[in-house]
Amino acid sequence: MTADENNGDGNSGAPLLTELERDALTEVINIGVSRAAKNLSRMVKDQVHLSVPRTETMSRDQAVGWLSKRENSSLVAVGQDFRGSFSGQALLIFPEKTSLELVRSILDDTLSLEEIVDLEQEALAEIGNVVLNGCLVVMANMLKRSLDMSLPRVMRGSSQVVLLGAEEEDPGEMVLFLTIDFAVRARSINGYIALLMDLPSITAIKTLIREYLRGFEEN
Amino acid sequence: MTRTVLVVDDSKLARMVVKSILAKTSGDWQIAEAANAREALDVLATKNVDIALIDFNMPDHDGLWLAEEIRAGNTDMPLALLSANAQDAILARARELDVGFVEKPLSEEALTAYLSGAALKLRRAGK
């Protein structure tokens, strides 16, 4: 289901994005994530492959369903909340089984497994911080707004735990759900970068995207 | 001299940004557009294109794939990747293919600098 197809869902006439607005938002996020991939690539010392972003409006529950269909094992996620003209949650998600390999790839090769395990939580938070901040900063700069970012937190568990969180978000709430697959093929690491924004934020981002587009619109 | 620039990007916004910069800086240049690599090859087969500006992250085939395809038939057309994905491996492959790199978000200065260099290269080659 796309943002455009989701019209008339009885959701208080929530303003959704036109095709061009969605294209523009996807491009802004694509630029942000590509910058973030450059940062991650430097950290893991390997190429990071990215998919084309997907931008959809769906309920939080549907987002959980989407993720659990793709990943049925336990997950690790680093999450950062962002607040400002638009607000939401940015997540770096990967299967738990690849978490140690990701951490190992950024640490000194001479460390023992025990030392790597000790540093895992901290290293994951740092990876998330670099990737998610890289993405959000580009978005904020391109849309000429500032965003406050929370400290990264590491979560472990099912798709539900990762996407609904400990605060038990309303599973029926409609959100803008943006995802990009990433992979470090040389190390068999794969995962997702995801952004979730609620409907008031979609309204705000729609206005910002329109302002952004105004500079490039054809005569 | 009027040039034709092919802009290949799956994002309409990205194509609009390039067109807007070109309209300001090189108003008499022609622009051809393609939303993916296959469409770009179709345009190249039917139009005289001088320069191609190619997004890296596109569905089905990425920008480097397209650059390789173009290079197989045209060794000297100025080509540039337009991307924020400035990873070392991507930059290295672009260099091997003699493909320039202009980082997104695009600035007028960076794109104009690339296009001026490309136009000079074409003039020197008598094109």
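A short reminder: the numbers here are calculations on the coordinates, not readings from a lab. Being a predicted model, the structure only gives us computed values, none of them experimental. All Cβ positions, even for glycine, are placed from backbone atoms using ideal geometry, and neighbour counts span all protein chains on display.
Observations on the structure shown:
- Percentage of interatomic Cα-Cα distances in chain B larger than 19 Å: 42 percent
- Relative contact order (%) - criterion: Cα under 8 Å, at least six apart; region: chain B: 22 percent
- Listed pairs A:LYS38/A:LYS97; A:LYS144/B:LYS121; B:LYS12/B:LYS127 exceeding 26 Å between Cα atoms: A:LYS144/B:LYS121; B:LYS12/B:LYS127
- Relative contact order (%) - the stretch A:94-219, alpha-carbon pairs under 8 angstrom, separation at least six: 23 percent
- R0 of 22 Å, Cβ-Cβ distance A:LEU113-A:ARG185: FRET efficiency to nearest 0.05: 0.40
- Other residues lying with their Cβ under 10 Å from the Cβ of A:SER150 contribute a combined charge of 0, Lys and Arg counting +1, Asp and Glu -1.
- Across the stretch A:208-213, rounded Karplus estimates of 3J(HN,Hα) from the backbone phi angles (6.51 cos²θ - 1.76 cosθ + 1.60, θ = phi - 60°) give 5, 5, 4, 4, 5, 5 Hz, Gly and Pro being marked x.
- All-pairs alpha carbon distance profile, chain A, 10 Å steps from 0, percent: 8, 35, 36, 17, 5, 1, 0
- Under the span-like rule (Cα at least 15 Å along the axis, Kyte-Doolittle mean at least -1.0), DSSP H helices of chain B: B:12-25, B:63-73, B:108-124
- Taking Cα atoms only, the orientation of helix A:113-142 departs from the longest principal axis of chain A by about 20 degrees.
- Which of B:ILE21, B:VAL99, B:ALA125, positive extreme of dipole for the stretch B:6-127 (C-beta unit charges): B:ALA125
- Value in Å of the Kirkwood radius, where the stretch A:25-113 supplies the Cα pairs that are averaged: 15.4 Å
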